[in-house]
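Okay, structure first, notes after.
The values are calculated or read from the model by the stated rules, or taken from the named source; none is laboratory data. Treat the numbers as computed from the prediction; the structure is a model and nothing was measured. Methodologically, a virtual Cβ is constructed for each residue, glycine included, from the backbone with ideal geometry; neighbour enumeration extends over all protein chains shown. For the accessible areas, the whole protein counts, side chains as well, though only heavy atoms, and no ligand, DNA or RNA atoms are used. Shrake-Rupley method; radii C 1.70, N 1.55, O 1.52, S 1.80 Å.
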Amino acid sequence: QVQLVESGGGLVQAGGSLRLSCAASGRTSSSYAMGWFRQAPGKEREFVASISWSGTNTVYADSVKGRFTISRDNAKNTVYLQMNSLKPEDTAVYYCAADSLRYGRSLYDYDYWGQGTQVTVSS
């Protein structure tokens, strides 16, 4: 089992920045790829970014490419999502997830999920 806890969400004005963190505990000795997803009210949960176990490979949704950066510190069992140039349409609950096999875009690939952290971007 892997437990994931997100933090760092909040209220920010458009054009601002936030950094989300996802702390992992439990079976962290396993080589898990990690992903960030988000879900806005009335919408389906969507892929934001993912990163391989080593941190060498990353994938981004087109909507955040060039504005968001995913990274990880395996010594701290923590994954980060740096979000710059935030837009009102980035408003959502952001979730981190762990995948034992791949760092794909599909939420169905991920085995473990955090509870989420709210990000609100005002215009």
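Numbers at a glance
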| read-out | value |
| --- | --- |
| Residues of the range 74-113 that turn out to be among the polar types (S, T, N, Q), on the phi < 0 side of the Ramachandran plot, outside any strand (DSSP E or B) and surrounded by 17 or more Cβ atoms within 10 Å (Cβ to Cβ), as a count | 1 |
| Residue check for residue 23: part of a strand (DSSP E or B) and aliphatic (A, V, I, L, M) | yes |
| Residues located in the range 114-123, provided they are touching a helix residue (DSSP H, G or I) at 6+ places or on another chain (Cβ under 8 Å) and not in a loop (DSSP other than H, G, I, E, B) | 119, 121, 122 |
| Among residues of the range 35-51, those that are of a type in the set (Lys, Arg), under 28 Å from residue 73 (Cα atoms) and either in a loop (DSSP other than H, G, I, E, B) or open to solvent by 20 Å² or more (accessible area, probe 1.4 Å) (or both), counted | 1 |
| The range 84-96 residues that are of a type in the set (Phe, Trp, Tyr), paired with ones that are assigned to a loop (DSSP other than H, G, I, E, B) and open to solvent by less than 60 Å² (accessible area, probe 1.4 Å) (beta carbon under 6 Å, 6 or more apart) | 95/114; 95/116 |
| Given (1) over 22 Å from residue 73 (Cβ atoms); (2) in contact (Cβ under 8 Å) with a residue 60 or more places away in the chain; (3) surrounded by fewer than 15 Cβ atoms within 10 Å (Cβ to Cβ), number of the condition residue 12 does not satisfy | (3) |
| Any pair with Cβ under 9 angstrom, 6 or more apart, that starts in the range 41-65 at a residue that is aromatic (Phe, Trp, Tyr) and ends at one that is open to solvent by 60 Å² or more (accessible area, probe 1.4 Å) and part of a loop (DSSP other than H, G, I, E, B) | 47/105; 53/31; 53/103; 60/66 |
| Condition check for residue 71: within 11 Å of the chain's Cα centre (by Cα) and open to solvent by 40 Å² or more (accessible area, probe 1.4 Å) | yes |
| Residues that are among the hydrophobic types (A, V, I, L, M, F, W, C), over 21 Å from residue 16 (Cβ atoms) and touching a Lys or Arg at 6+ places or on another chain (Cβ under 7 Å), drawn from the range 38-78 | 47, 51, 59 |
